[in-house]
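For reference, the structure is listed below as C-alpha cells.
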Amino acid sequence: MTNYPKVAIIILNWNGRFYLESLLPSIYNTIYPNLEFVVGDNASSDDSVAFIKKTYPKIRVIENDKNYGFAEGYNQILKHVEADYFILLNSDVEVKENWIEPVIQEMEADIKIAVAQPKILSWTQRNTFEHAGAAGGFIDRYAYPFCRGRIFQSVEIDRGQYNDSGEIFWASGAAFFIRSKYWKESGGFDADFFAHMEEIDLCWRLKRMGYKVWYCANSEVLHVGGGTLDKSNPMKTYLNFRNNLYMIHKNAPYPYTIIFIRLWLDLIALIQFMFSRKFQDAKAISKAHIHFFKNFNITKKKRYAIKTPYRVTNIYKGVIIWDYFIRGKKRFNNLDPNKFK
C-alpha cells in the first residue's frame, strides 16, 4: 500500500498486568506506518495502569470510571479514539510484526468489508487453532456458533487447510478489525451483553445492514484464551446462554420458532450438567433463561431498530449439534459446503 489508513490498536484491560507485561512487547513492536496504541482500562484494581505509563509512555491510556464489561467498556473507550480502522485486541494475544497490513489491504480492496479477523492460533499449542475464532466464525440455523478449525471442543491442527481468505459470519473479539465509520453507524457493541457473543451480535447486525465480515489468512496471531473468564466458570455459562438468546431475538428471521427449539435444547444441556454434577452450570442456564424473559421487551425493541432485511448469507443451514454429536463430523471441512450458501 502507498496510502496507509490510520489504525488504532485498542486493548481493553481489567487487572491484566500479567498479560500486559508478557505479551504487550510483541504488540508494541508491530510494524505499520500509521498506527496508534491505546489501552482502555476498565477500572483495574491492580497496577496495570501504572505499569503501562511507566514502561510504555508513548501508549495512550484511557481510563473508564468503572468496570463496564467487555461490550460497554469498548463502547466507552472508542468514544475517545479517532482512526480509520479500530483493532480491538485482547491483552492475552501475541502478534507478529507485520500482522496488520495484510488485513487492511484486503479490507481496503472492498469497501463492503466492515469487519475482519486474522488466523487465530493457540499460544500454548502454536500449530493448533485457538478456540475463540480459529479461521473465522459461523453459526447454524439455531444460532450455535462454531469456527473453521474449531467445532465445539474439537480443535484442529493448522495444516494450511484454511489458508484461503474469504467471507465468514462472525469475527473473533480477540483480534477484531472494524472500520470506524461502520462501528459508529452500527452503534458498536450491545452493552446489555456485558461480555461474550457481543461480537457475533455486531457482525450479524452489520451483515443485515448489507456489509461483509472477512477472514484474512495472510495474517496470524496467537491467543492464550480464558484470560478473564475461564471456560469452566459458571458466569461464562450464564453469559453464553443468555446472550445467545438475546442475539437470536434481535437478529434471526423467525426468532420465536428458534427460541422455542433452543429452550428445549438448553434444557438438555442443563440436564447434562446435572448428571455431570456441574450444578452451578445448570443453575447458570436456568438463570440465563429467567433473565432473557425478564428483558424480553427490551430486546424486542432492539430487533426493530434496524430497518433492514433479516435474511443474510453464510448461516449454516444444517444443525451443528446433530452433525457433531450424532453424525461425528468433528471438522469444518466435513460439513456440507452447499449448506452455507
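The values are calculated or read from the model by the stated rules, or taken from the named source; none is laboratory data. It should be emphasised that the depicted structure is a prediction, and the values quoted were computed from it without experimental measurement. All Cβ positions, even for glycine, are placed from backbone atoms using ideal geometry, and neighbour counts span all protein chains on display.
For residues that are surrounded by 15 or more Cβ atoms within 10 Å (Cβ to Cβ) and free of Cβ contacts under 8 Å to residues at least 12 places away in the same chain, tally how many sit in region 148-159.
Matching residues across region 148-159 total 0.
Yes or no: region 223-237 includes at least one residue that is part of a strand (DSSP E or B) and touching a residue at least 12 places away in the same chain (Cβ under 8 Å).
yes
Among what's in region 314-341 and is more than 19 Å from Ala134 (Cα to Cα) and among the basic types (Lys, Arg), pick the residue that is surrounded by the most Cβ atoms within 10 Å (Cβ to Cβ).
Filtering first and then ranking leaves Lys339.
Residue by residue, here is whether (1) closer than 22 Å to Asp92 by Cα; (2) modelled with pLDDT under 95 holds:
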position	(1), (2)
Phe146	yes, no
Gly149	yes, no
Gln153	yes, yes
Asp158	yes, no
Gln161	no, no
Glu167	no, no
Ser172	yes, no
Arg179	no, no
Tyr182	no, no
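Val103 fails exactly one of the following numbered conditions: (1) part of a loop (DSSP other than H, G, I, E, B); (2) touching a residue at least 24 places away in the same chain (Cβ under 8 Å). What is the number of that condition?
Here Val103 meets the rest and fails (1).
Look at region 43-96 and say how many of its residues are in contact with a strand residue (DSSP E or B) (Cβ under 8 Å, 6 or more places away or on another chain), of a type in the set (A, V, I, L, M, F, W, C), part of a helix (DSSP H, G or I) and crowded, with 21+ Cβ neighbours inside 10 Å.
The qualifying residues number 4.
Would you be able to say whether some residue in region 117-128 is in a loop (DSSP other than H, G, I, E, B) and among the β-branched types (Val, Ile, Thr)?
Looking through region 117-128, at least one residue is in a loop (DSSP other than H, G, I, E, B) and among the β-branched types (Val, Ile, Thr).
With (1) at pLDDT 95 or above; (2) within 23 Å of Lys207 (Cα to Cα); (3) β-branched (Val, Ile, Thr) as the list, and Ile261 as the residue in question, which single condition is left unmet?
So the condition that Ile261 fails would be (2).
Scan region 1-29 for residues that are in a loop (DSSP other than H, G, I, E, B) and within 22 Å of the chain's Cα centre (by Cα) and jot them down.
Matches in region 1-29: Trp14, Asn15, Gly16.
Could you list, in sequence order, the residues of region 97-108 that are closer than 22 Å to Thr124 by Cβ and buried (at least 20 other Cβ atoms within 10 Å of the Cβ)?
Within region 97-108, just Trp99 meets the criteria.
Of the residues that make up region 288-308, is at least one under 15 Å from Asn244 (Cα atoms), of a type in the set (A, V, I, L, M) and crowded, with 16+ Cβ neighbours inside 10 Å?
Within region 288-308, one or more residues are under 15 Å from Asn244 (Cα atoms), of a type in the set (A, V, I, L, M) and crowded, with 16+ Cβ neighbours inside 10 Å.
For Glu36, are the conditions met, namely being crowded, with 18+ Cβ neighbours inside 10 Å, of a type in the set (D, E, K, R), outside any loop (DSSP other than H, G, I, E, B) and at pLDDT 95 or above?
Judged against the criteria, Glu36 is not a match.
Listed here are the residues, each with its yes/no results for (1) touching a residue at least 60 places away in the same chain (Cβ under 8 Å); (2) closer than 25 Å to Ile258 by Cβ; (3) not in a helix (DSSP H, G or I).
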{"residue": "Phe146", "(1), (2), (3)": "yes, yes, yes"}
{"residue": "Gln161", "(1), (2), (3)": "yes, no, yes"}
{"residue": "Ile200", "(1), (2), (3)": "yes, yes, no"}
{"residue": "Cys203", "(1), (2), (3)": "yes, yes, no"}
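Look at Ala114 and say whether it is in contact with a helix residue (DSSP H, G or I) (Cβ under 6 Å, 6 or more places away or on another chain) and either closer than 30 Å to Thr2 by Cβ or assigned to a loop (DSSP other than H, G, I, E, B) (or both).
yes
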